[in-house]
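Student: Before I ask anything, let me first share the structure, which is written out below as structure tokens.
What follows draws every value from the coordinates through simple rules; no lab data is involved. These figures come from a predicted structure and were not determined experimentally. Counting neighbours? That spans all protein chains shown, and the Cβs are built from the backbone with ideal geometry, glycine included.
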Amino acid sequence: MKQLFLFVITLVFSLNTYAQDTLVLRNGNKVLSKVLEIGTTEVSYKIWSNINGPTYKVSRNDISYIKYNNQTIETFEQIAGIPSEIEVRRGGFGPSFWQDGRKVRLSELRNILKQNNPDAFRKYKNGEGLAVIGAIFAGAGAGLAIGNAINVYYGNDMDWTITAVAGGAVLVGLIFGGAENKKYIEAVEIYNQGLRRSNKVVDLNFGFTQSGIGLSLTF
């Protein structure tokens, strides 16, 4: 009897597993889901663990492939012109930004944010302002250090006050540089959040209840 019970549980679990679709995104994430519709630019789906919950949409450009419940696989090519999320990769020399598997230069990032998300673009411009201030301090510090080194080269004594001021200016420049990178990352996060919000839709459901007709909104 116990073996029969375990067999039934295993069978139900297996059927449940094979009944779901799997969205595999380009960032490596997997979403267990029920695919509802594949449009020209977006894919609509339900989260498998909340099949009666809201309907979500994801850009086709963010999908690597879909593994359907019948084990067939559909791959997705990149479509030009569709906004997709930007990935931030942190490194020793500051963050780098990637979209659709390609590294994005800061000038490109600026244009993407400007064209698609005003709030993200404002945050990016804050970073640009910090970059200018940081460059001024770092440049001044480097200039003082070079001037001091030239004086030493021509036989003069090292001016330790100038050396300290130069080092302090460079340090301040580096601090502003770190703050600049933080603003760029925050701008990308705002941009990505905007895409996720636009990909979520509202379900409007009518139904009959004991007291009459019911209306439910699912966000």
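Student: What ³J(HN,Hα) values, in whole Hz, does the Karplus curve 6.51 cos²θ - 1.76 cosθ + 1.60 give for the range 170-186 when θ = phi - 60°, with x put for Gly and Pro?
Tutor: 5, 4, 4, x, 5, 5, 5, x, x, 5, 4, 4, 4, 5, 4, 5, 4
Student: Taking a point 7 angstrom from the Cα of Ile73 along the C-beta vector, which residues in the range 24-47 have backbone N less than 12 Å away?
Tutor: 24
Student: May I pose another question? Sort the following peptides by mean Cβ neighbour count (other Cβ atoms within 10 Å, averaged over residues), highest first: 27-34, 40-47.
Tutor: Top of the packing list down: 40-47, 27-34.
Student: Note the full-extension length gain between Ile150 and Ser49 as 0.36 nm times their separation in residues minus their Cα-Cα distance, in nm to one decimal.
Tutor: 29.4 nm
Student: For Leu36, enumerate residues with amide H under 5 Å from its amide H, sequence gap 5+ or separate chain, H modeled in the peptide plane.
Tutor: So Leu36 has HN proximity to Ser44, Tyr45, Lys46.
Student: How far is the Cα center of the range 111-154 from the Cα center of the range 33-94, in Å?
Tutor: After rounding, the separation between the Cα centres reads 38 Å.
Student: Okay, next question. Label points 7 Å out from Cα along the Cβ direction at Lys125 and Trp98: separation in nm?
Tutor: Inter-label distance under the simple model: 3.1 nm.
Student: Output ³J(HN,Hα) for the range 50-62: one whole-Hz value per residue in order, computed from phi by the Karplus curve 6.51 cos²θ - 1.76 cosθ + 1.60 with θ = phi - 60°, and x for Gly and Pro.
Tutor: Values, residue by residue: 9, 5, 9, x, x, 8, 10, 10, 9, 4, 4, 5, 8 Hz.
Student: Using θ = phi - 60° and the Karplus relation 6.51 cos²θ - 1.76 cosθ + 1.60, list the HN-Hα couplings for the range 129-146 in order, rounded to whole Hz, with x at every Gly or Pro.
Tutor: x, 5, 5, 5, 4, x, 5, 5, 5, 5, x, 5, x, 5, x, 4, 5, 5
Student: By counting other Cβ atoms within 10 Å of each Cβ, how are Val170, Val152, Val132 ranked from fewest to most?
Tutor: Final ranking by Cβ density, sparse to dense: Val132, Val152, Val170.
Student: Once amide H atoms are placed 1.01 Å from N in the peptide plane, what residues at a sequence separation of 5 or more from Val104, or on another chain, have their amide H within under 5 Å of its amide H?
Tutor: Phe97, Trp98, Gln99
Student: Another question, then. Looking at Tyr65, Thr40, Phe76, which one has the Cα that reaches farthest to the positive end of the dipole of the range 18-82 (charges on Cβ: Lys, Arg +1; Asp, Glu -1)?
Tutor: Looking along the dipole axis, the top candidate is Tyr65.
Student: Amide H neighbours of Arg26 under 5 Å, counting only residues 5+ apart in sequence or on other chains, H built in-plane at 1.01 Å?
Tutor: Ile63, Ser64
Student: Separate question: Work out how much length Lys182 to Val88 would gain on full extension: take 0.36 nm times their residue separation and subtract the Cα-Cα distance, in nm to one decimal.
Tutor: 32.7 nm
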